[in-house]
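For reference, the structure discussed in these notes is given below.
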Amino acid sequence: YRFDAPSSRKGKTVNIVFEGSMTDTEVKINGKSAGDIHQGGFYRFSYDISDLIIPGTSNLLEVNVSKLSADESVNRAERYGDYWNFGGIFRPVWLEILPKEHISRVAIDARADGSFRMDVFPLNITAKKSLRAEIIDNSGTIVGSASASVNPGDSLLILRCKVNNPMTWTSETPSLYRVNYYLLSGKKIVHESSERFGFRTIEVRHGAGIYLNGTKIKM
């Protein structure tokens, strides 16, 4: 597949993102390997191809997807587990263009009591920055916020705050919030993104079963 690379990507990171392919996936850009062969068909993966693409011109993407994995444990999980079996590239593939200094991903833990924790993974930080997160409800109101300093070389930051009386998530009341997060240099936004999430607590109580937000789930 041929695609045009953006000509204005100087100083930025370009990732090629696969939402899902089954199963072992080998990716080449302009005849060069993008990285190790990916194994596992049910989740997103990406490669940094900043040094492989030629800006402002046509680039060649080659993908080889093996029906069976070289890892037998992957085959046991995907081929003999209780899953739908797919073949090849069954979800979108796209380019992600990011500032050189950016937030690569976040992981959110939001509990039914309103406690909020977000692990933030910054990448390529070369100078002191700051990080800020704002929790937004369905009406657009900021109901919680947290901030932290980011130093060169930092690879993990933890933000915490508490939201009073949150609307909790259940299958009957799937209330969702949004967290907007910003990487800042002074007051200038270097990178920003957002995630949707729900406040919920899942517990496995010994001898009692599975509880969601304090209510037992009957199987």
Checklist line | Distance (nanometres) between label positions extended 7 Å along Cα→Cβ at Arg9 and Arg91 | finding: 2.2 nm
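Counting DSSP beta bridges with both partners in the chain, what percentage is antiparallel, nearest 5?
Numbers: 70 of 71 bridges.
Antiparallel bridges: around 100 percent, rounded to the nearest 5.
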Check: Pick the calculated mean projected area of the Cα convex hull in nm² for this structure from (1) 12.1; (2) 11.4; (3) 15.8?
Finding: (3)
Notebook entry, point to check: So what is the 222 nm mean residue ellipticity for the chain from helices alone, if each DSSP H run of at least 4 adds -39500 (n - 2.57) and you divide by all residues, rounding to the nearest 500 deg cm²/dmol?
Noted result: -1000 deg cm²/dmol
Item checked: Accessible surface of the stretch 107-173, 1.4 Å probe, proportion on carbon and sulfur as whole % -> 47 percent
Item checked: Integer Hz, Karplus 6.51/-1.76/1.60 couplings in order for the stretch 22-38, x for Gly and Pro -> 10, 10, 5, 10, 9, 10, 10, 10, 6, x, 10, 5, 7, x, 4, 4, 7
Check: Using θ = phi - 60° and the Karplus form 6.51 cos²θ - 1.76 cosθ + 1.60, what ³J(HN,Hα) does each residue of the stretch 66-71 get, whole Hz, x for Gly and Pro?
Finding: 8, 4, 10, 8, 6, 9
Notebook entry, point to check: the stretch 92-126 to the stretch 40-60: how many Å between their Cα centroids?
Noted result: 20 Å
Margin query: With a 1.4 Å probe and all protein chains kept in place, how much accessible area does Asp51 have, in Å² rounded to the nearest 10?
Written below: 150 Å²
Check: With every protein chain in place, what's the accessible area of Phe42 (1.4 Å probe, Å², nearest 10)?
Finding: 70 Å²
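The values are calculated or read from the model by the stated rules, or taken from the named source; none is laboratory data. Here the structure is a predicted model, which is why all the values come from computation and not from measurement. Here Cβ is always computed from backbone atoms with ideal geometry, including for glycine, and neighbour counts include all displayed protein chains. Side chains are part of the model used for accessible areas, which takes the heavy atoms of the whole protein and leaves out ligands, DNA and RNA. Shrake-Rupley method; radii C 1.70, N 1.55, O 1.52, S 1.80 Å.
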